[in-house]
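Asks: Structure provided below as structure tokens; questions to follow.
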Amino acid sequence: MAFTLKIEGMKDRIKKVMETQHMSQKVFAQFTGISEGSLSGVFNGRTRPTLQMVESIHARLPQLSVEWLMFGTGPMYVDEAASGASSDHEKKMDSPTLLDVQSPDQNPSLFTVQEQSMINSAQQAPLNTPKTIVKYIDKPERHITEIRIFFDDQTWETFEPKR
């Protein structure tokens, strides 16, 4: 049996998480620890979302349903399953946003290392939270199709393997 992620839908669900948290792509990348390039690659369709991305998002937003994020099933937030569907207003009020942890001038880089450590530890999931493990089975073998080398004089060379 092969487990597959709904890639197109997952990209849209990540965007929806960003919208409900009132975060731009750049701020969301910083908040979750996902590189801006990786996140951009997912949204542009160049790369697929990884399990590390899912774990990073869930670590920062533990109330977000991993099942919903990966497969689009069930409610968006875990607390919705227990209390029934909540209104959008309640979701926004209960969900921590980056604004909850920022300084008045909205610049998270102004925190000291100790303050940032306290913020990170306060937002992590409890230690007894079960982890969801997803395994890829029947993954097709990948082949190199092209190698590009970029030089500092703004030129590049492309190499293609012989077939």
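Asks: So which residues in the range 41-60 are among the polar types (S, T, N, Q) and over 20 Å from Ile133 (Cβ atoms)?
Replies: Hits for the range 41-60 are Asn44, Thr47.
Asks: While we're here: List every residue pair whose Cβ atoms lie under 9 Å apart, where the two residues are 6 or more positions apart in sequence or sit on different chains, the first residue falls within the range 2-18 and is within 18 Å of Val134 (Cα to Cα) and open to solvent by 50 Å² or more (accessible area, probe 1.4 Å), and the second residue, located anywhere, is in a helix (DSSP H, G or I) and at pLDDT 85 or above.
Replies: Matching pairs, first to second residue: Lys6/Arg13; Lys6/Met70; Lys6/Phe71.
Asks: Hey, another quick one. Taking the criterion of being without any contact (Cβ under 8 Å) to a residue 12 or more places away in the chain and either in contact with a Ser or Thr (Cβ under 8 Å, 6 or more places away or on another chain) or not in a loop (DSSP other than H, G, I, E, B) (or both), would at least one residue in the range 64-72 satisfy it?
Replies: No, because not a single residue in the range 64-72 is without any contact (Cβ under 8 Å) to a residue 12 or more places away in the chain and either in contact with a Ser or Thr (Cβ under 8 Å, 6 or more places away or on another chain) or not in a loop (DSSP other than H, G, I, E, B) (or both).
Asks: Cβ-Cβ below 6 Å, separation at least six or inter-chain, first residue in the range 151-163 and part of a loop (DSSP other than H, G, I, E, B), second open to solvent by 90 Å² or more (accessible area, probe 1.4 Å): which pairs?
Replies: Note: pairs meeting the criteria are Pro161/Ile144.
Asks: Restricting attention to the range 36-48, and to residues there that are surrounded by 12 or more Cβ atoms within 10 Å (Cβ to Cβ) and without any contact (Cβ under 8 Å) to a residue 12 or more places away in the chain, which single residue is farthest from Met10 (Cα to Cα)?
Replies: Glu36
The values are calculated or read from the model by the stated rules, or taken from the named source; none is laboratory data. Bear in mind that the values here come from a model prediction, so they are computed numbers and not experimental data. Cβ: placed from backbone, ideal geometry, glycine included. Neighbour counts: every protein chain shown. All accessible areas refer to the heavy atoms of the entire protein, side chains included, with ligands and DNA or RNA removed. Shrake-Rupley method; radii C 1.70, N 1.55, O 1.52, S 1.80 Å.
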